[in-house]
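First comes the structure, then the notes that go with it.
No value in this document is a laboratory result; all are computed from the given coordinates. The model shown is predicted, which means the values in this text are computed figures rather than measured ones. Note that we place each Cβ from the backbone using ideal geometry, even for glycine, and neighbour counts take in every protein chain shown.
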Amino acid sequence: MSAVRIPPTLRTATSGEKLVDVPGSTIREVVDGLVVAYPALAPQLLDGQGGINRFVNVFLNDTDVRHLDGLDTAVGERDSVVLLPAMAGG
Amino acid sequence: MTIETAPAPTTQPTAHDAGRPVMAAPRVVGLACRNCGRPEPLGPSYVCSACFGPLEVAYDKDVVRETVSREAIEARPPGLWRYLEFLPVDAPPTHGLRVGSTPLIPAERLGPALQIESLWLKDDTRNPTLSFKDRAVAVAAARARQFGIDTLACASTGNLAGATAGAAAALGMPAYVFIPADLEPAKIDHALAYGATVVPIEGTYDDVNRLCLEVADETGWGFVNVNLRPFYAEGSKTLAFEIAESLGWRSPDVIVAPIASGAMFTKLAKGFGELADAGLIERRPIRFVGGQPAGCAPVATAWEAGTTDVQPVRTPETIVRSLAIGNPADGRYSVELANASAGSIEAIPDEATAAAIRQVAALEGIFSETAGGVTVAAADAARKRGVIRDGDEVVALLTGNGLKTPDARLLGLEEGTVAPSIRPSLSAFEAWLESRS
């Protein structure tokens with residue numbers, strides 16, 4: 001199980017939960033597991049073509065997974081996954 | 001000749017709105033998703049609840065058109081609030097920094113040097129905290145007070161730190177500015193001078209930004225470029241309004257501006273578009289040219305590759321810290337704007353940036369921060385590329401003051417520029433003068 005931090009905008013879909021435990025050995029599996037547990041997240045998290053919505057950035061232990069192996073990035077039992085809006089800069 | 005939009009600000013209109021219930025002016029409809037168009041209520045939010053896309057302020061264009069006129073604007077005090085009808089604030093605040101109405105200067109020496117016959121410089125180095133960020137922060141701060149937010153904050157590459165700290169000081173609000181720990185010392189000192197709490201983060205700007213997204217969720221502070229971002233971004237439109245007014249209510253052929261997140265670049269286009277929608281200027285095509293440092297050029301790289309898929313840069317390597325955003329929020333929109341307008345996005349090596357800083361200072365007497373060097377070098381590159389053509393009227397934006405990055409101009413110089421000291425005697429001076437001839 002890895003801990004996934006849910007941003008406020010998505011917490012309606014998780015009944016207000018800020019931190020949820022999700023199984024999975026890769027980012028893809030964690031995201032898929034998240035959507036299975038909370039189906040209402042699907043339209044916000046997924047792009048409909050097997051990828052992540054371009055407005056969502058996924059971080060593994062504070063590193064953007066695009067700088068790692070993307071959706072194939074390995075996730076360990078004690079890792080934390082954070083979902084954040086793709087919103088950077090001034 | 002220097003064209004001033006108006007004299008330096010001295011007074012602000014009345015009708016201070018702090019403490020009043022938050023009431024959207026009729027012209028401000030609310031927020032809307034830039035991606036899917038879904039309307040959202042006016043508030044300190046920035047993400048669409050349906051698609052996670054960015055929110056922006058939505059106006060009733062008919063109301064704006066019916067209520068604004070050139071004459072009304074020209075009769076108002078100087079500063080960015082003279083364009084109130086185009087801003088998401090109910091009334092001009094009576095408190096705060098006096099921002100905007102910076103001059104548009106004909107570059108009569110720099111223009112010929114760049115082989116650009118008609119070149120204007122928008123000198124935004126003169127804002128209260130010495131950068132264009134004062135514009136964005138003024139609007140965000142005004143809205144923050146209407147929302148009852150009592151603390152300002154930001155994630156900054158430097159200029160925004162000073163702008164947020166200065167605005168908060170003027171409004172009597174505490175400020176927390178989050179910056180990369182290795183930022184230029186002058187920018188850190190600048191924010192500290194205003195009494196802000198500076199929070200250095202061990203990482204890049206993008207690390208700082210990620211942290212601030214999380215902190216904004218937890219604290220409820222008004223992060224000007226996070227949860228106040230829809231309002232913050234609107235402030236940059238005032239650059240377009242002032243340029244149009246300074247040119248006698250018309251637009252130039254080409255705008256050249258720096259790109260970090262791309263927010264200001266895209267809001268320039270929005271600003272000119274809104275003026276045309278309101279009937280204040282004729283709608284004419286404008287080519288938008290952006291500049292990025294080659295050591296952190298995710299938007300320029302995407303544009304050059306012919307894609308709107310902007311890939312993030314993990315570790316920026318450039319002296320241009322103010323543009324060192326590896327994961328720009330408005331990168332895609334910036335590429336789309338450059339393409340749609342037949343413009344370009346140029347990647348500028350640091351040596352060219354330093355040379356351009358020296359060139360603008362030596363030829364026009366304006367000491368620009370690194371982003372201004374990128375902009376001027378981008379204008380040169382765009383002319384060589386053919387995007388800027390003979391006879392074009394070009395406006396280049398100098399968005400920050402060189403005193404924030406005093407060492408940057410020295411890059412590429414082989415010798416120091418400080419003369420050796422001499423004794424205080426006429427003979428010593430004459431000997432020194434002789435040695436130089």
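Highest mean first, what order results for B:110-119, B:256-265 on Cβ atoms within 10 Å?
Values: B:110-119: 18.6, B:256-265: 30.3.
Per-residue mean Cβ counts within 10 Å order the peptides as B:256-265, B:110-119.
Who wins for biggest fluctuation among B:Thr238, B:Thr308, B:Thr353 in a Gaussian network model of chain B, springs between alpha carbons below 10 Å?
Highest fluctuation among the options: B:Thr308.
Roughly how crowded by other chains is peptide B:52-64, in terms of the mean Cβ count from those chains within 10 Å of each of its Cβ atoms? Before the final figure, lay out each step's value.
Working: counts 16, 7, 4, 2, 0, 0, 0, 0, 0, 0, 0, 0, 0.
Taking the mean over all residues of the peptide, I get 2.
Non-local amide H neighbours of A:Gly24 (under 5 Å, H modeled in plane, Pro and chain starts lacking H): which ones?
For A:Gly24, whose amide H was placed from the backbone, the distant partners under 5 Å are A:Ser2.
Identify the GluC sites (Glu not before Pro) of segment B:323-429 meeting these criteria: DSSP loop state and at most 11 other C-beta atoms within 10 Å of the C-beta. Before the final figure, lay out the partial values.
Details: sites: B:Glu336, B:Glu346, B:Glu351, B:Glu364, B:Glu369, B:Glu393, B:Glu414, B:Glu415; in loops: B:Glu369, B:Glu414, B:Glu415.
Filter output for segment B:323-429: B:Glu414, B:Glu415.
Grab the alpha carbons of chain B, take their convex hull, and tell me the volume per residue in Å³. Provide the component values of the computation, followed by the final result.
Numbers: hull volume 68.4 nm³, N = 437.
With only Cα atoms used, chain B gives 157 Å³ per residue.
Using the Karplus curve 6.51 cos²θ - 1.76 cosθ + 1.60 with θ = phi - 60°, work out ³J(HN,Hα) for each residue of segment B:294-304 in order, rounded to whole Hz, and write x for Gly and Pro.
Once θ is set to phi - 60°, the couplings for segment B:294-304 become 4, x, 7, 10, x, 6, 4, 5, 5, 4, 4 Hz.
Please sort by residue number the GluC sites (Glu not before Pro) in segment A:1-82 whose DSSP state is loop and whose Cβ has at most 16 other Cβ atoms within 10 Å. Intermediate values should be presented prior to the final figure.
Working: sites: A:Glu17, A:Glu29, A:Glu77; in loops: A:Glu17, A:Glu77.
Qualifying residues, ordered by number: A:Glu17, A:Glu77.
Would you work out the Kirkwood radius for segment B:143-192? I mean one over the mean of 1/r across all pairs of different Cα atoms, in Å.
Details: mean 1/r = 0.0909 Å⁻¹.
That comes to 11.0 Å for segment B:143-192.
Pick out, from B:Ala276, B:Val256, B:Phe231, the residue whose Cα sits farthest towards the positive end of the charge dipole of segment B:225-367, with +1 on the Cβ of Lys and Arg and -1 on the Cβ of Asp and Glu.
Looking along the dipole axis, the top candidate is B:Phe231.
Determine the percent antiparallel among the DSSP beta bridges restricted to chain B, to the nearest 5. Please report the intermediate quantities before stating the final value.
Working: 14 of 44 bridges.
So the antiparallel bridges in chain B amount to around 30 percent.
Compute the Cα gyration tensor for segment B:278-402, then decide on rounded, prolate or oblate, letting a ≥ b ≥ c be the square roots of its eigenvalues: rounded whenever a/c is under 1.5, prolate when a/b is larger than b/c in the other cases, and oblate in all that remain.
Working: a/c = 1.67, a/b = 1.03, b/c = 1.62.
Because a/c hits 1.5 or more and a/b fails to exceed b/c, segment B:278-402 counts as oblate.
How would you rank B:Tyr46, B:Tyr232, A:Tyr38, going from fewest to most other Cβ atoms within 10 Å of each one's own Cβ?
On the way: B:Tyr46 26, B:Tyr232 32, A:Tyr38 20.
Least crowded to most crowded, the residues run A:Tyr38, B:Tyr46, B:Tyr232.
Using the Karplus curve 6.51 cos²θ - 1.76 cosθ + 1.60 with θ = phi - 60°, work out ³J(HN,Hα) for each residue of segment A:62-79 in order, rounded to whole Hz, and write x for Gly and Pro.
The phi angles translate into 6, 10, 4, 5, 5, 8, 10, 10, x, 5, 8, 4, 6, 10, x, 4, 9, 6 Hz.
Under Stokes-Einstein, with the Kirkwood radius over Cα pairs standing in for Rh, what whole-number D in µm²/s applies to the protein assembly as shown at 10 °C and 1.306 mPa s?
On the way: Rh = 23.8 Å.
Rounded, D is 67 µm²/s.
Please tell me which of these pairs span more than 25 angstrom C-alpha to C-alpha: B:Lys122/B:Lys237; B:Lys122/B:Lys404; B:Lys133/B:Lys384; B:Lys61/B:Lys267; A:Lys18/B:Lys187; B:Lys122/B:Lys267?
Violating the 25 Å Cα-Cα cut-off are B:Lys133/B:Lys384; A:Lys18/B:Lys187.
How many partner chain Cβ atoms sit within 10 Å of a residue's Cβ in peptide B:214-223, on average, as a whole number? Present the calculation step by step, with values, prior to reporting the outcome.
Details: counts 6, 0, 2, 7, 2, 0, 0, 0, 0, 0.
Per residue, the number of nearby Cβ atoms from other chains is 2 on average.
Only Lys, Arg, Asp and Glu count, each charged at its Cβ (+1, +1, -1, -1), so figure out the dipole size of segment B:136-257 about its Cα centre, rounded to 20 debye. Please list the in-between numbers first.
Details: 7 positive and 14 negative charges, 90 e Å.
I would put it at about 440 debye.
What is the mean number of Cβ atoms from other protein chains located within 10 Å of the Cβ atom of each residue in peptide B:42-48, rounded to a whole number? Can you show the working numbers first?
Working: counts 0, 0, 0, 2, 3, 11, 4.
Average neighbour count from other chains, rounded to a whole number: 3.
How large is ³J(HN,Hα), in whole Hz, for each residue of segment B:136-151 in order, when computed from phi with the Karplus curve 6.51 cos²θ - 1.76 cosθ + 1.60 and θ = phi - 60°, using x for Gly and Pro?
3J(HN,Hα) across segment B:136-151, in whole Hz: 5, 5, 4, 6, 4, 5, 4, 5, 4, 5, 5, 7, x, 6, 10, 9.
Do the sum for the protein assembly as shown: with -39,500 (n - 2.57) for every DSSP H run of n ≥ 4, divided by all residues, what is the mean residue ellipticity at 222 nm, to the nearest 500 deg cm²/dmol?
My calculation for the protein assembly as shown gives -10000 deg cm²/dmol from helical runs alone.
Compute the relative contact order of chain B as a whole-number percentage, counting only Cα pairs closer than 8 Å that sit 6 or more residues apart in sequence.
Details: 957 pairs, mean separation 68.4, N = 437.
After rounding, I find 16 percent.
Any idea what the dipole of the protein assembly as shown comes to, in debye rounded to 20, about its Cα centre with Lys/Arg Cβ at +1 and Asp/Glu Cβ at -1?
Numbers: 46 positive and 63 negative charges, 194 e Å.
The dipole of the protein assembly as shown has a size of about 940 debye.
Could you tally the net charge around B:Gly386, taking each other residue with its Cβ under 12 Å from the Cβ of B:Gly386, Lys/Arg +1 and Asp/Glu -1? Don't skip to the end; give the middle numbers.
On the way: positive: B:Arg287, B:Arg383, B:Lys384, B:Arg385, B:Arg389; negative: B:Asp390, B:Asp392.
Value of the local net charge: +3.
Starting with the highest mean, order B:141-153, B:394-406, B:211-223 by the number of other Cβ atoms within 10 Å, averaged over the residues of each peptide.
Numbers: B:141-153: 22.6, B:394-406: 25.1, B:211-223: 20.1.
Those peptides, ordered most packed to least, come out B:394-406, B:141-153, B:211-223.
Taking a quarter of the surface of the convex hull around the Cα atoms of segment B:155-245, what do you get in nm²?
6.5
Fewest to most neighbouring Cβ within 10 Å: what's the order for B:His190, A:His67?
Values: B:His190 26, A:His67 17.
Fewest-to-most Cβ neighbours within 10 Å comes out as A:His67, B:His190.
For B:Ile201, what residues show an amide H to amide H distance below 5 Å, using hydrogens built from the backbone and excluding near sequence neighbours?
B:Ile179, B:Ala181
Would you give the gap between the C-alpha center of segment B:258-314 and the C-alpha center of segment B:192-214, rounded to a whole Å?
Answer, in whole Å: 26.
With a ≥ b ≥ c the root eigenvalues of the C-alpha gyration tensor of chain A, is it rounded (a/c under 1.5), prolate (a/b larger than b/c) or oblate?
Numbers: a/c = 1.25, a/b = 1.04, b/c = 1.20.
Rounded.
Ranked from highest to lowest mean number of other Cβ atoms within 10 Å per residue, what is the order of the peptides B:91-98, A:45-52?
B:91-98, A:45-52
Once segment B:198-317 is represented by equal point scatterers at the alpha-carbon sites, with solvent omitted, what log10 I(q)/I(0) does the Debye formula produce at q = 0.12, 0.13, 0.15 Å⁻¹?
-0.59, -0.68, -0.85
Using only the alpha carbons of segment B:107-168, what is the convex hull's orientation-averaged projected area in square nanometres?
On the way: hull surface 21.8 nm².
Approximately 5.4 nm², given one-decimal rounding.
Evaluate the charge dipole of chain A about its Cα centre and quote only its size in Debye, nearest 20, assuming +1 on the Cβ of each Lys and Arg and -1 on the Cβ of each Asp and Glu. Please report the intermediate quantities before stating the final value.
Numbers: 7 positive and 11 negative charges, 63 e Å.
It works out to roughly 300 debye.
Sort segment B:63-193 into rounded, prolate or oblate with this rule: let a ≥ b ≥ c be the square roots of the eigenvalues of the Cα gyration tensor; rounded if a/c is under 1.5, and if a/c is not under 1.5, prolate when a/b is larger than b/c, oblate otherwise.
On the way: a/c = 2.58, a/b = 1.10, b/c = 2.36.
Oblate, since a/c reaches 1.5 and b/c is not below a/b.
Between B:Ile348 and residues 5 or more places away or on another chain, which pairs have amide H atoms under 5 Å apart, with H built 1.01 Å from N, and which residues are they?
Amide H to amide H, under 5 Å and 5 or more residues apart or across chains, B:Ile348 pairs with B:Gln292, B:Ala294.
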